[in-house]
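Peer 1: Just passing along the structure, written as structure tokens.
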Amino acid sequence: MLERIVFRWRGVLLSLVGIAATLWLGWSGQLGLYIHPRYFVFTMVAATVAGVLVVAAFAFVPLARDETHDEETDEHLHEQRRWPLLAAVASGALIIAATVSLLVLPPTSLSTGGVSAADLSTGTAVGASLENPETLVGGDYASFTVKDWSALLRQGVDEQFLAGKEADVIGFVTPDESNPENLFYLARFAVTCCAVDAQPVGIAVHSPGWSEDFAAGDWVQVAGGFVTNPSTSSATPIVLDAAEIAVIDEPSEPYVY
């Protein structure tokens with residue numbers, strides 16, 4: 001009897017766990033760790049509707065299925081009876097694991113550890129401003145994020161164009177592989193739809209001896225102007241010459257869009 005109940009209800013319970021996790025993330029303001037803000041309303045509405053349907057199935061479907069017992073279900077249950085205890089334990093463990101991972105463990109942003117300077121200097125980032133970088137010229141430079149400055153620099157602008165333009169940006173630290181003592185990349189993940197499609201974007205920062213004050217993966221806020229890269233070993237032509245650097249906590253919205 002136990003394995004029959006677990007087999008019949010494990011899909012419903014797993015669905016409820018996923019729906020509850022989605023709604024909780026939305027109400028707690030943490031849904032942005034997984035999807036783009038433009039999908040918040042749709043996701044919350046869809047999760048609510050799904051919850052109603054699952055509860056309705058939980059209340060009404062078992063009675064109908066108990067009366068009909070289609071052959072496929074009976075055959076499946078017959079196979080499970082060969083190892084009833086094992087099937088019940090395995091299904092129960094799956095439900096518990098899903099509950100712990102989705103509802104107990106705190107949600108986290110994408111790890112900064114797997115990002116390399118090569119990803120930032122040669123990779124192709126995503127986002128509207130990177131698909132149409134020419135729209136950035138003449139924009140509000142004071143509000144530019146790491147993604148915006150990265151897109152602008154990819155156009156090949158020179159020091160003359162950047163003269164007098166100050167950046168004040170936030171990101172996590174990724175050491176430059178060619179000159180790690182003096183250069184690091186200030187990076188963030190750019191998200192188009194959800195965390196699955198996230199790609200790193202960043203700009204090179206010139207700050208000799210930076211590793212004495214903070215480490216790779218730390219979140220920092222950097223302010224300064226752009227200059228020709230003083231490092232002869234680095235292929236990056238323009239860098240942000242850091243006038244001020246402050247270590248900060250990871251922002252509540254760690255991604256850029």
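The values are calculated or read from the model by the stated rules, or taken from the named source; none is laboratory data. In this text, all values refer to a predicted model and were calculated from it rather than measured experimentally. As a convention, Cβ positions derive from the backbone with ideal geometry for all residues, glycine included, and neighbour counts pool all protein chains shown. To get the accessible areas, we keep the full protein, side chains included, count just its heavy atoms, and leave off ligands, DNA and RNA. Shrake-Rupley method; radii C 1.70, N 1.55, O 1.52, S 1.80 Å.
Peer 1: Tally time: how many residues in the stretch 229-257 are assigned to a strand (DSSP E or B) and closer than 17 Å to ALA151 by Cα?
Peer 2: 4
Peer 1: Taking only the stretch 94-104 into account, find how many residues are modelled with pLDDT of 75 or more and more than 20 Å from TYR34 (Cα to Cα).
Peer 2: 1
Peer 1: Something else: Test of understanding: among GLU177, GLU181, which residue is in a loop (DSSP other than H, G, I, E, B), open to solvent by 10 Å² or more (accessible area, probe 1.4 Å) and modelled with pLDDT of 90 or more?
Peer 2: Sole residue among the options that is in a loop (DSSP other than H, G, I, E, B), open to solvent by 10 Å² or more (accessible area, probe 1.4 Å) and modelled with pLDDT of 90 or more: GLU181.
Peer 1: Next question, about the same structure. Return the total of residues in the stretch 1-34 being out of contact with any Ser or Thr (no Cβ under 6 Å at 6 or more places or on another chain), open to solvent by less than 30 Å² (accessible area, probe 1.4 Å) and at pLDDT 80 or above.
Peer 2: 7
Peer 1: Across the stretch 105-116, what is the total count of residues that are among the hydrophobic types (A, V, I, L, M, F, W, C) and either within 14 Å of GLN30 (Cβ to Cβ) or at pLDDT below 70 (or both)?
Peer 2: The number of residues fulfilling the criteria is 2.
Peer 1: Looking at the stretch 152-170, which of its residues are under 20 Å from the mean Cα position of the chain (by Cα) and either in a helix (DSSP H, G or I) or farther than 16 Å from ASP241 by Cβ (or both)?
Peer 2: ILE170
Rundown of residues vs (1) surrounded by 14 or more Cβ atoms within 10 Å (Cβ to Cβ); (2) closer than 18 Å to SER116 by Cβ, yes/no style:
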{"residue": "SER143", "(1), (2)": "no, no"}
{"residue": "GLU159", "(1), (2)": "no, no"}
{"residue": "LEU186", "(1), (2)": "yes, yes"}
{"residue": "ALA216", "(1), (2)": "yes, yes"}
{"residue": "VAL222", "(1), (2)": "yes, no"}
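Peer 1: Yes or no: VAL205 open to solvent by less than 50 Å² (accessible area, probe 1.4 Å) and among the hydrophobic types (A, V, I, L, M, F, W, C)?
Peer 2: Criteria met by VAL205.
Peer 1: Related question: For the stretch 224-257, what are the residues that are surrounded by 15 or more Cβ atoms within 10 Å (Cβ to Cβ), among the hydroxyl-bearing types (Ser, Thr, Tyr) and within 27 Å of GLN160 (Cα to Cα)?
Peer 2: Passing the criteria: SER231, SER234, THR236.
Peer 1: Go through the residues of the stretch 61-68 one by one and say whether even a single one is open to solvent by 50 Å² or more (accessible area, probe 1.4 Å), at pLDDT below 60 and of a type in the set (Asp, Glu).
Peer 2: Yes; the residues of the stretch 61-68 include at least one that is open to solvent by 50 Å² or more (accessible area, probe 1.4 Å), at pLDDT below 60 and of a type in the set (Asp, Glu).
Peer 1: A further question on this structure: Could you grab the pairs with beta carbons closer than 9 Å, sequence gap of 6+ or different chains, first residue in the stretch 221-239 and at positive phi and in contact (Cβ under 8 Å) with a residue 24 or more places away in the chain, second one hydroxyl-bearing (Ser, Thr, Tyr) and assigned to a strand (DSSP E or B)?
Peer 2: none
Peer 1: Would you check if GLY164 is modelled with pLDDT of 70 or more, open to solvent by 60 Å² or more (accessible area, probe 1.4 Å) and under 30 Å from TRP24 (Cα atoms)?
Peer 2: Numbers: modelled with pLDDT of 70 or more: yes; open to solvent by 60 Å² or more (accessible area, probe 1.4 Å): yes; under 30 Å from TRP24 (Cα atoms): no.
Judged against the criteria, GLY164 is not a match.
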